[in-house]
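Colleague: Mind having a look at this structure? Questions to follow.
The values are calculated or read from the model by the stated rules, or taken from the named source; none is laboratory data. Predicted model only: the values in this text are computed from it and were never measured. Using ideal geometry, Cβ is built from the backbone for each residue, glycine included, and neighbour counts are taken over all protein chains shown. Heavy atoms of the whole protein, side chains included, go into the accessibility calculation; ligands, DNA and RNA do not. Shrake-Rupley method; radii C 1.70, N 1.55, O 1.52, S 1.80 Å.
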Amino acid sequence: MSILVIAEHDNKTIANASLNAIGAAHKIHGDIHVLVAGSSCGQVADAAAKIAGVAKVLKADAPELGHGLAENLAPLIADLGKDYSHVLAPSSTFGKNVLPRAAALLDVQQISDISAVIDADTFERPVYAGNAIATVKSSDGIKLITVRGTNFDAVAAEGGSAEIEDISSKGDSGLSSFDKLDVVESDRPELTSANIVVSGGRGLGSKENFAIIEKLADKLGGAIGASRAAVDAGYVANDMQVGQTGKVVAPSLYIAVGISGAIQHLAGMKDSKVIVAINKDADAPIFEIADYGLVGDLFEIVPELTDKL
Amino acid sequence: MKILVPIKRVVDYNVKVRVKADQSGVELANVKMSVNPFDEIAVEEAVRLKEAGKASEIVVVTIGPEKAQEQIRTAMAIGADRGILVKTDAPIDLGGVEPLAVAKTLKALVEKEKPDLVIMGKQSIDDDSNQTGQMLSALLGWSQGTFASKVEIDGDAVKVTREVDGGLETLSLKAPAIITTDLRLNEPRFAKLPDIMKAKKKELEVVEPAALGVDYTPRLSIVKVVEPPKRVGGGKVSSVDELVDKLKNEAKVI
């Protein structure tokens with residue numbers, strides 16, 4: 001068996017989610033190749049070649065691959081995929097966007113967002129917002145899979161010495177073009193890979209009040225998350241949303257502040273190692289899954305906690 | 001401009017689903033069903049484009065049981081003009097009609113209806129696959145704007161702002177295009193009673209999958225469906241001092 005992992009990157013550095021996807025590939029067993037498709041992405045290919053357990057890196061370097069446009073990248077993945085038993089990508093907005101397009105080109109029914117590998121054909125995946133776990137067995141000749149990063153250990157970024165093979169792009173489809181990316185600039189760690197996450201919910205009451213979440217997160221060196229209610233209320237940007245419709249996180253410590261614990265939110269954070277809940281409503285569902293619940297006024301508790309840490 | 005909006009009948013998002021005792025799937029008997037929330041956003045977006053004079057007709061399509069006509073009527077009450085039900089008794093959540101088969105069905109309908117734009121939800125909240133729009137786009141050889149939070153149409157040019165992990169990405173697409181919706185694209189309206197009445201009179205066509213040349217034999221078999229492992233929580237602390245102490249000395253996470 002041989003497995004192709006589609007690396008996610010920004011033409012400079014390889015995204016951590018790629019290392020988790022390679023971790024999932026290890027569970028399937030087989031030769032692991034990594035596709036680095038981008039524009040002036042040589043340093044990413046070099047970094048991919050050093051990843052532990054990678055046998056070969058395929059580098060496709062072309063201007064039309066620079067922004068991961070699905071219309072240009074999917075035909076390349078579909079063409080390469082014919083020679084592999086499995087093609088994996090991270091279950092990020094990048095992987096979710098491109099891999100189903102490649103799957104359709106290969107006439108394969110993709111398996112989305114796997115949380116465990118049972119064997120080479122059989123996988124677990126959460127359905128119904130994580131309220132059920134389905135075990136599915138694929139009958140397709142090639143398996144195309146997106147990998148839920150928080151369920152697989154990242155492989156070591158160093159230790160390998162794979163060969164790098166240059167391959168050609170399939171050209172520019174002319175169907176779409178990249179205009180711009182508005183990145184939310186932050187010195188804080190990235191939400192999905194942070195060791196500590198502090199999240200705020202509707203209980204914060206306003207955008208301004210979210211500052212107390214920021215102070216606590218900064219004291220802990222953590223990332224900031226939010227519930228869908230807080231995002232819908234306009235307190236923070238959508239890319240901070242933790243939940244089934246947002247990001248799935250599993251840090252060592254998750255602090256939920258003023259979050260009631262809707263099913264939707266729990267689906268995005270319940271695999272955290274330690275969960276702390278701070279809420280004035282003692283009956284809030286969040287307390288049912290919290291290791292340490294503290295009932296009270298978050299506007300008193302959070303500043304006090306920030307001081308005492 | 002004609003817009004096709006595929007929608008799906010799913011368990012209402014407020015329902016706490018239960019896994020069947022025989023582990024074959026999720027209990028759907030006597031459960032409230034609704035239009036998939038992302039699809040409702042897609043219908044609303046199409047209706048807004050029509051109200052802005054940019055779209056001429058909105059055709060809504062679904063694949064599902066006879067009762068899925070209810071969801072088509074809901075979309076019509078929001079403002080869709082016409083409906084098509086591809087009728088099947090195969091399961092549409094798990095172990096039945098899969099995203100690739102849905103995409104093939106929609107491709108056949110696109111070839112028949114010839115829309116300029118397809119707007120659909122980014123994922124359905126039952127099987128959570130997030131595949132169909134991308135697959136349809138591939139099968140048609142069209143452009144795709146997934147996870148859209150803003151759509152601007154100017155003649156043949158479609159500009160889509162996408163919710164990506166790092167922030168917001170803007171793409172220019174060549175029409176015809178597939179757009180999949182994210183939550184913040186719009187807030188769907190509540191249908192008013194006169195619109196609900198009017199919806200009952202709109203044209204709704206029922207077709208068989210075989211007439212479209214598609215086969216719903218699943219590629220993925222469901223081995224089992226179980227509840228997720230329960231997290232043991234419920235622990236409480238009475239003060240900030242106790243919390244800090246527990247985090248440092250018991251959990252050892254800070």
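Colleague: Are any residues in the range A:247-306 in a loop (DSSP other than H, G, I, E, B), farther than 16 Å from A:Val197 by Cα and touching a Phe, Trp or Tyr at 6+ places or on another chain (Cβ under 9 Å), and if so, which ones?
Modeller: Matches in the range A:247-306: A:Asp281 only.
Colleague: Which members of the range B:56-68 meet the condition of being of a type outside the set (S, T, N, Q) and open to solvent by less than 10 Å² (accessible area, probe 1.4 Å)?
Modeller: B:Ile58, B:Val59, B:Val60, B:Val61, B:Gly64, B:Ala68
Colleague: Then there is this: Kindly provide the set of residues from the range A:210-264 that are touching a helix residue (DSSP H, G or I) at 6+ places or on another chain (Cβ under 7 Å) and among the aromatic types (Phe, Trp, Tyr), ordered by number.
Modeller: A:Phe210, A:Tyr235
Colleague: Can you name every residue in the range A:277-291 that is facing chain B (nearest Cβ under 7 Å) and either buried (at least 23 other Cβ atoms within 10 Å of the Cβ) or farther than 14 Å from B:Lys236 by Cβ (or both)?
Modeller: A:Phe287, A:Ala290, A:Asp291 - these are the residues of the range A:277-291 that are facing chain B (nearest Cβ under 7 Å) and either buried (at least 23 other Cβ atoms within 10 Å of the Cβ) or farther than 14 Å from B:Lys236 by Cβ (or both).
Colleague: Using the structure shown, decide if B:Ser149 is of a type in the set (S, T, N, Q), open to solvent by 10 Å² or more (accessible area, probe 1.4 Å), under 16 Å from B:Pro6 (Cα atoms) and outside any helix (DSSP H, G or I).
Modeller: Here the answer is no, as B:Ser149 does not meet what is asked.
Colleague: Another one. Restricting attention to the range A:244-267, and to residues there that are of a type in the set (Gly, Ala, Ser) and without any contact (Cβ under 8 Å) to a residue 60 or more places away in the chain, which single residue is nearest to the other protein chains (Cβ to nearest Cβ)?
Modeller: Step by step, filter the range A:244-267, then rank; the result is A:Ser252.
Colleague: Could you tell me whether A:Glu8 is closer than 28 Å to B:Leu139 by Cα and open to solvent by 20 Å² or more (accessible area, probe 1.4 Å)?
Modeller: yes
Colleague: Got a sec? Which helices (runs of 4 or more DSSP H) wholly within the range B:69-144 have at least 2 residues that are farther than 18 Å from B:Ile41 by Cα and open to solvent by less than 10 Å² (accessible area, probe 1.4 Å)?
Modeller: Filter on the range B:69-144 gives B:99-113, B:132-140.
Colleague: So which of B:Glu163, B:Glu203 ends up being among the acidic types (Asp, Glu) and either more than 7 Å from chain A (Cβ to nearest Cβ) or in contact (Cβ under 8 Å) with a residue 24 or more places away in the chain (or both)?
Modeller: Being among the acidic types (Asp, Glu) and either more than 7 Å from chain A (Cβ to nearest Cβ) or in contact (Cβ under 8 Å) with a residue 24 or more places away in the chain (or both) holds for just one of B:Glu163, B:Glu203, which is B:Glu203.
A quick yes/no check of all residues on (1) within 20 Å of the chain's Cα centre (by Cα); (2) at the interface with chain B (Cβ under 10 Å from one of its Cβ atoms); (3) under 17 Å from B:Leu140 (Cα atoms):
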position	(1), (2), (3)
A:Glu64	no, no, no
A:His67	yes, yes, no
A:Leu105	no, yes, yes
A:Val108	no, yes, yes
A:Asp113	yes, yes, no
A:Ala116	yes, no, no
A:Tyr128	yes, yes, no
A:Asn131	yes, yes, no
A:Val136	no, yes, no
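Colleague: Is it the case, given these coordinates, that A:Gly141 is at pLDDT 95 or above, of a type in the set (Gly, Ala, Ser) and open to solvent by 30 Å² or more (accessible area, probe 1.4 Å)?
Modeller: Criteria met by A:Gly141.
Colleague: Being touching a strand residue (DSSP E or B) at 6+ places or on another chain (Cβ under 8 Å), assigned to a strand (DSSP E or B) and open to solvent by less than 90 Å² (accessible area, probe 1.4 Å) narrows it down to one residue among B:Leu247, B:Leu173; which is it?
Modeller: Checking each option against the conditions leaves just B:Leu173.
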